[in-house]
Amino acid sequence: MAPEQAKSAALAVIAEAADVDPTAGVLAMRALGLAVRALEGPNEAARVLRDAVRLAKRHGLTRPLAEANMTYAALLADLGRISAALAECDRAALILRGKDGGVLLAQRALILSRAGRTEEALADYARALPLLRAAGNVNVQCRVYVNRSNVLAYAGRLPGAERDLRAGLALAQAHGLNDIAGSMLESLGFVMVRRGDIPAALRMFAESLTRAHQYNRFAATYDRAEALLIAGLAGEARRSLEELIDDVTAAGFAVDAAEWHLMLAHAALLEGDAPAAQAFAQLALGQFRSQGRARWALLAQQLAIRARWAAGERTTKLANDARDAHAKLWTAGWQVAALHCLLVAGRVELDRGRVQVARGDLARAAQARRRGPADLRAAAWYAEALLRLAADDNRGATVALKAGLRVVDEHSASLGATDLRVHASGLGADLAGQGVRLAVASGKPAAVLEWIERFRAGALRRRPVRPPSDTKLAAELAELRRVTAELAEETAAGKDSRALRAQQLQLEEAVRHRSRHASGQRSTARALDVGELTTALGDRALVEILRVDDAMFAVTAVDGRLRLRDLGRYPDALREQESVRFSLHRLARRHGSTASLTAAESGLEHSAAALDAMLLAPVRDLVGDRELVIVPTGHLHALPWPLLPSLRGRPLSVAPSATSWLAANCASHKAPRRGVTARSPVLVAGPQLDHALPEIKALAKLYAAPQLLTGKKASVDAVRSALDGAELAHVAAHGRFRADNPQFSALDLADGPLTVYDLERVRRGPRRLVLSACDSGLSAVHAGDELMGLASAVFSLGTSTLIASVVPVADDVTKALMLELHRGMCAGHSPSHALAIAQERVRADGFVCFGSG
């Protein structure tokens, strides 16, 4: 029975029978308390049970009193009063014996597990199950399977946890206990998290959340946040917890609130917010201690220690605290947390120059590198690398770092969704960073190139996987387009659009969640073949930029030879790039006086020259006047490279990595799909863009049999279908880059936005794609130079070349540039050559050629 129905039925019985039939009244109060707990939380529910206990005592009802004590114990545990809860169980045990004691033992086991007394809890569960079978109590048997599976999963006994859940699910389904079956799916998701199968876990949490009442919604949200943390989505996990933590606390779930604060500390730590991590950890620590949960308090302690390290503390006290916490955590069974404490101790000692002491800490931490979840093994391999470095064994350190990155790569490959892969790659940031430092210190350009390519833009090497419920995703995307279009109309008309905005956010969240239900294939990406790269480059030169802290370096590949050069400082380059982008924005809009526009021109020239001196002058003697392939680092992906003085009029292409450029170059030489030719391009004009239709009509005259999609024909489904496998496509439309969620970056079409999620549903991207849209070439940059946005999405789908803008460009200039670009391609020039020629004839600095060129 649903909690709302149970509450109504219980209140009806209490109103009629409490005085006439006190036994029925006590039973109804117990039912009411459990319903209120599910709907409102344990605070109000505990008041109901206290009334039930008083009623039973007043009438001398021995057994009903014991049962009320048992139910009251569960609520006291929710409130964090563990000792009082166990005392209520002891009172009930004086009456409830034999078959009648099965439910009580199950309740006591749950309380013990929440106190962190794992072995005692498992012993009580083992005693409870045969008694419950003998009594025919299927409902509580199922709950024992659920609760015991959680204990086993926390203890790392995953096969046993899954066996319990499968058995419980079969029992619940056989007896039509659908609510319990739903909670079992949520628990099965928790086990999948522990096993590292994040897509399967997210599918189960999504299914559980659709049918959950308040408390089950809290539990599913908490477990889903843990899955997001493992996937590297710390910010999203933190936001989901912060949205509900006040509700959890207000409802009186003190035990859960402590665990939520612990998870928030972990999320803040992974986000790089050390002060917030310390605050959350200390809050959780105080709550666990006041609840008598010493084992859980250890977890809060280790997060506080890690936050101190992240905040810059390097004291002997921190190292000693970390070692002390390690010993206690290991004894308590928290191996992953114990390992992190040893890493802190070892790294503190290394920083303080106490190498011998550090070796002892790191050697013990490195023992976990062969087994366990990906984050544990990656951290253990990092400890092994630091241990080798402490022994001046650079070669051994390199081997350990590569092994750790293989763990991260395999984990990332198991995830189907782009955003999960991108963020999961962040687990290897420390490993890759240390590897690059060693390679740069060696002065060997081949080693440097190998290291940066091992980690850079790895998520783009695999195409995203469609979720199992692809038709549902399509329906949600269609509804999102409708709402977004309606929202734009309402906003333009000056109407109150808050309800539509809320609906848009809900749909975006639904799309994001469903896209993550797809599992990838566990495989290791192929390493870069330098010989193959240099052969493919031919007469072109590669300039691949990297950074170590604030210092930038470049690896060049020219005529089969690799070299390494120092460049300028990364913060200086970002400052000049920001000036460039500001000036281009002002000039594109043509706002301001003649003097201010002249100043913008002057500022643009100055900053472009400064960037040229920082990024290209140090390698000019190596690359000469060759066509360039440039691989930027970090936010330099947003630089309009063709405006740099030494690059004006020069063919160049920009790529996320050398590996992705090589893949794009191979794709550019593949035979087109049957019946598809460059003489029959897809030409699309989006709405409400003045130059779009005239531009498309002018381009159509250059081709024999173009496929035109304009007006209402330029719908998302029609455009996506036309793009699938096209040889050449050109889209003139408004473009929007979403820094808050790059997967919702979009091109505006007749019926709404075509997002990255829509593009990822094509089987094969167009071989060559031109986006005549502002900001369509921008990407969000994450750890490991992982990119997310429209520009990066198309390369994972097989597109070889993309021409797009990274800044706004004036409409009239854009149309003129596009005509010159297509004339060049029709004359037989490659896209990079055609763009260079076009930009010599038409000054439009925002467009960049990405990919093979």
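The values are calculated or read from the model by the stated rules, or taken from the named source; none is laboratory data. Not measured: the values here are computed from a predicted model. So basically every Cβ, Gly included, is an ideal-geometry build from the backbone, and we count neighbours across all protein chains shown. Keep in mind that these areas ignore ligands, DNA and RNA; they rest on the heavy atoms of the full protein, side chains included. Shrake-Rupley method; radii C 1.70, N 1.55, O 1.52, S 1.80 Å.
Number of residues in segment 316-343 that are within 24 Å of L152 (Cβ to Cβ) and in contact (Cβ under 8 Å) with a residue 40 or more places away in the chain: the value is 5.
In segment 535-558, which residues are among the β-branched types (V, I, T) and surrounded by 19 or more Cβ atoms within 10 Å (Cβ to Cβ)?
If we filter segment 535-558 for residues that are among the β-branched types (V, I, T), which is where we start, we get 535, 543, 545, 548, 555-556, 558.
If the condition is that a residue be among the β-branched types (V, I, T) and surrounded by 19 or more Cβ atoms within 10 Å (Cβ to Cβ), then V543, I545, V555, T556, V558 are the ones that fit.
Taken across segment 799-809, residues that are more than 25 Å from S657 (Cβ to Cβ), over 36 Å from the mean Cα position of the chain (by Cα) and among the aliphatic types (A, V, I, L, M) do not occur at all. Filtering segment 814-824 to residues that are out of contact with any His (no Cβ under 7 Å at 6 or more places or on another chain), touching a residue at least 40 places away in the same chain (Cβ under 8 Å) and either closer than 19 Å to A773 by Cβ or surrounded by 24 or more Cβ atoms within 10 Å (Cβ to Cβ) (or both) leaves M818, L819, L821, H822. Among residues of segment 742-759 that are farther than 10 Å from L790 by Cα and in contact (Cβ under 8 Å) with a residue 24 or more places away in the chain, those with a Cβ under 7 angstrom from a residue that is hydroxyl-bearing (S, T, Y) and open to solvent by 10 Å² or more (accessible area, probe 1.4 Å), sequence gap 6+ or separate chain, pair up as L749/S715; A750/S715; D751/S715; G752/T484; P753/T484.
Would you mind stating whether A15 is assigned to a helix (DSSP H, G or I) and open to solvent by less than 40 Å² (accessible area, probe 1.4 Å)? So A15 fails the test. From the list G156, G176, the one residue that fits, being touching a residue at least 24 places away in the same chain (Cβ under 8 Å) and outside any helix (DSSP H, G or I), is G156.
Looking only at residues in segment 213-251 that are over 24 Å from the mean Cα position of the chain (by Cα) and modelled with pLDDT under 85, the one that is farthest from S290 (Cα to Cα) is H213. Of all residues in segment 560-574, those that are loosely packed, with under 14 Cβ neighbours inside 10 Å and under 34 Å from the mean Cα position of the chain (by Cα) total 2.
Can you tell me which residue in segment 289-299 is farthest from W330 (Cα to Cα), limited to those that are in a helix (DSSP H, G or I) and in contact (Cβ under 8 Å) with a residue 40 or more places away in the chain? Among those that are in a helix (DSSP H, G or I) and in contact (Cβ under 8 Å) with a residue 40 or more places away in the chain, it is S290.
Table: residues versus (1) within 21 Å of R295 (Cα to Cα); (2) in contact (Cβ under 8 Å) with a residue 40 or more places away in the chain; (3) touching a strand residue (DSSP E or B) at 6+ places or on another chain (Cβ under 8 Å).
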site	(1), (2), (3)
R108	yes, no, no
R114	yes, yes, no
D124	yes, no, no
V140	no, no, no
N147	yes, yes, no
L152	yes, no, no
R163	no, no, no
L169	no, no, no
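The strands (runs of 3 or more DSSP E) found wholly in segment 697-790 and carrying at least 1 residues that are at pLDDT 80 or above occupy 707-709, 728-732, 746-749, 752-755, 768-772. The residue list L241, L318 contains one member that is assigned to a helix (DSSP H, G or I) and in contact with a Leu (Cβ under 8 Å, 6 or more places away or on another chain), which is L241. Comparison of V26, V36 shows that the only residue that is surrounded by 20 or more Cβ atoms within 10 Å (Cβ to Cβ) and under 44 Å from the mean Cα position of the chain (by Cα) is V36.
Among the residues of segment 48-90, those that are touching a residue at least 60 places away in the same chain (Cβ under 8 Å) and either touching a Gly at 6+ places or on another chain (Cβ under 8 Å) or among the acidic types (D, E) (or both) comprise D78, L79, I82, S83.
Yes or no, residue by residue, for (1) hydrophobic (A, V, I, L, M, F, W, C); (2) modelled with pLDDT of 75 or more:
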site: A457; (1), (2): yes, no
site: P464; (1), (2): no, no
site: R512; (1), (2): no, no
site: A518; (1), (2): yes, no
site: T535; (1), (2): no, yes
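Might you check whether a residue that is assigned to a helix (DSSP H, G or I), among the hydrophobic types (A, V, I, L, M, F, W, C) and open to solvent by less than 10 Å² (accessible area, probe 1.4 Å) occurs anywhere in segment 96-103? Within segment 96-103 (the criterion being assigned to a helix (DSSP H, G or I), among the hydrophobic types (A, V, I, L, M, F, W, C) and open to solvent by less than 10 Å² (accessible area, probe 1.4 Å)), the answer is no, since none of the residues qualifies. Out of L611, L662, one residue alone is in contact (Cβ under 8 Å) with a residue 60 or more places away in the chain, in contact with a helix residue (DSSP H, G or I) (Cβ under 7 Å, 6 or more places away or on another chain) and either not in a loop (DSSP other than H, G, I, E, B) or not β-branched (V, I, T) (or both). It is L662.
When A368 is tested against (1) under 22 Å from L158 (Cα atoms); (2) touching a helix residue (DSSP H, G or I) at 6+ places or on another chain (Cβ under 6 Å); (3) part of a helix (DSSP H, G or I), just one condition goes unmet, and that condition is (3). For segment 29-37, indicate whether the set of residues that are under 26 Å from N178 (Cβ atoms) and in contact (Cβ under 8 Å) with a residue 60 or more places away in the chain is non-empty. Yes.
Residues checked against (1) of a type in the set (V, I, T); (2) on the phi > 0 side of the Ramachandran plot; (3) at pLDDT 85 or above; (4) not in a helix (DSSP H, G or I):
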{"position": "V151", "(1), (2), (3), (4)": "yes, no, yes, no"}
{"position": "A161", "(1), (2), (3), (4)": "no, no, yes, no"}
{"position": "A172", "(1), (2), (3), (4)": "no, no, yes, no"}
{"position": "L185", "(1), (2), (3), (4)": "no, no, no, no"}
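Checking A106, A123 one by one, the residue that is assigned to a helix (DSSP H, G or I) and surrounded by fewer than 22 Cβ atoms within 10 Å (Cβ to Cβ) is A123 and no other. Does V348 satisfy the criteria of being buried (at least 22 other Cβ atoms within 10 Å of the Cβ), among the β-branched types (V, I, T), in contact with a Leu (Cβ under 8 Å, 6 or more places away or on another chain) and modelled with pLDDT under 95? So V348 fits the description; yes. The set of residues in segment 825-853 being under 17 Å from A698 (Cα atoms), open to solvent by 10 Å² or more (accessible area, probe 1.4 Å) and either without any contact (Cβ under 8 Å) to a residue 40 or more places away in the chain or of a type in the set (S, T, Y) (or both) consists of A827, V842.
Yes/no matrix, rows are residues, columns are (1) in contact with a Gly (Cβ under 7 Å, 6 or more places away or on another chain); (2) of a type in the set (S, T, N, Q); (3) at pLDDT 80 or above:
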| position | (1), (2), (3) |
| --- | --- |
| L386 | yes, no, yes |
| A403 | no, no, yes |
| S412 | yes, yes, no |
| H423 | yes, no, no |
| V436 | no, no, yes |
| A441 | no, no, yes |
| V448 | no, no, yes |
